[in-house]
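For reference, the structure discussed in these notes is given below.
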Amino acid sequence: MPIIDKMAPGQAAAMMTAPHWSQHGLTPQPLSDHEFLYFSRQLLLPDWSEARQLRLKHSRVLIIGIGGLGCPTASYLAAAGVGELWLADGDQVELSNLPRQILFQQSDLGQNKAQAAARRLQQQNPFVHCKTLPQQLAESELRTLLPKVDLVIDCTDNQHSKLLLNKLCQQMHQSWIGATATAYQGYSWLLHPGQGCLHCLGQDVPLAIGGCLTQGAYAPLLAQLASQLVSTALDLLLQQAPGQNQLQLYQHAQRQFIRCTFTADPLCPICGVSKQEAKDVR
Amino acid sequence: MSVESTIAIFLNTVETLLPADMTVAALVQAEAADQPVAVALNQQVLPKRLWASTKLQRQDQVLLFQLVAGG
């Protein structure tokens, strides 16, 4: 059986790049009284601290796809105190989006999703700053954007975007998270470079055409996947994430998730090659 | 099929009897031929390239699931 690469505790954190603000030699200011009060219930958690809250405040997260997954993910990240959200989506808000894409309302119909979401997030959260990217991101744009953020989250609804991010994050040695769902099927992932990827999973095969458009969307599943993304994102930003790649798979019959690890394929053209290159560099 | 020639595994958490020498590839062919699926064996995602060479063992826990792209 193939061997799974395991990282020591803390190694995953070391793989995350230093927060973007620290790369410029900036020192964060302490929380204001207003911020202390606003985040007081989170600050009361036994393992929370002002230092943690400051780290989130000075974090920058790129969310690609502001739909059924992206809306709740952005909403909870902003509520947790992530200071800067970059929101990317080229689609417009449609009537059929409203039951599960919780940042939108009737008056947003026809508006760009990233821009409509940013407006709502900034109304609801006084401390978040949103940057909007109202387009489907091309590979060249992603190559420019990825080094500028502390974390990228895939909430897209299409295979092409997911595979593109999978390839770029491997090539650029970035840990990343994402999720996918259609009808009652869905899963989320945490992927560190060189330990297995979406290509190893088989995500590159032709999938059923249409996705949610033809098979429907189950809002409670999207919400649960988004919660997993937020929880893992906070762990990554606070350098507490597991060092091993993970897949959380929804089993509708049992209404539960099963957590799996990845078996890295050394011959994978995406993460296997990347891993070899990393060895060569050393 | 004699008792000796079968093994019991858990397929998507349901106990299932299979031929003793069945590979993951044969199981996928029997359960989801030509469908976009992935396999996790004992809570580890198993790359497709290894399906044909991986024989199922007694009490294995196999998750066979649809690959999807939506959000």
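Taken together, the values in this text are just the output of simple stated rules run on the coordinates, not laboratory data. Predicted, not measured: the structure shown is a model, and the values here were computed from it. Here Cβ is always computed from backbone atoms with ideal geometry, including for glycine, and neighbour counts include all displayed protein chains.
Structure notes:
- Beta bridge orientation in the protein assembly as shown: antiparallel %, DSSP, nearest 5: 60 percent
- Distance from the Cα centroid of chain B to that of region A:88-141 is 41 Å (rounded to whole angstrom).
- Tail weight of P(r) past 16 Å, computed on alpha-carbon pairs of region A:52-94, percent: 36 percent
- Only helices enter the 222 nm calculation for chain B: every DSSP H run of n ≥ 4 contributes -39,500 (n - 2.57), and dividing by all residues gives -3500 deg cm²/dmol, rounded to 500.
- Karplus 3J(HN,Hα) series, Hz, for region A:218-235 with 6.51 cos²θ - 1.76 cosθ + 1.60 (x for Gly, Pro): 9, 4, x, 5, 4, 5, 5, 4, 4, 4, 5, 4, 5, 4, 5, 4, 4, 4
- Across region B:3-66, the relative contact order, built from alpha-carbon pairs under 8 Å that are at least six residues apart, equals 45 percent.
- Between A:LEU95 and A:ALA208, the contour length at 0.36 nm per residue exceeds the alpha carbon distance by 38.3 nm.
- Estimated purely from DSSP H runs of n ≥ 4, each contributing -39500 (n - 2.57), the mean residue ellipticity at 222 nm for chain A is -10000 deg cm²/dmol once divided by its residues.
- Given charges at Cβ of Lys, Arg, Asp, Glu: chain A dipole, positive-most of A:CYS271, A:SER96, A:PHE36: A:PHE36
- Take each residue in A:262-271, count the other chain C-beta atoms within 10 Å of its C-beta, and the mean is 3.
- Annotation: the residues A:GLU35, A:GLU141, sorted from fewest to most other C-beta atoms within 10 Å of their own C-beta, follow the order A:GLU141, A:GLU35.
- Dipole size of region B:3-66 about its Cα centre, with +1 on Lys/Arg Cβ and -1 on Asp/Glu Cβ: approximately 240 debye, rounded to the nearest 20.
- Restricting the calculation to Cα atoms, every distinct pair contributes to the Kirkwood radius of chain B, found to be 12.5 Å.
- When A:ASP150, A:ASP204 are sorted by how many other C-beta atoms sit within 10 angstrom of their C-beta, beginning with the fewest, the order is A:ASP204, A:ASP150.
- Convex hull volume per residue for the protein assembly as shown, taking Cα atoms only, in Å³: 147 Å³
- Counting only Cβ charges, +1 for Lys and Arg and -1 for Asp and Glu, the dipole size of the protein assembly as shown around its Cα centre is about 460 debye.
- For region A:144-159, Karplus couplings with θ = phi - 60° (6.51, -1.76, 1.60), whole Hz, Gly/Pro x: 6, 6, 4, x, 8, 10, 7, 7, 10, 10, 8, 10, 6, 10, 9, 5
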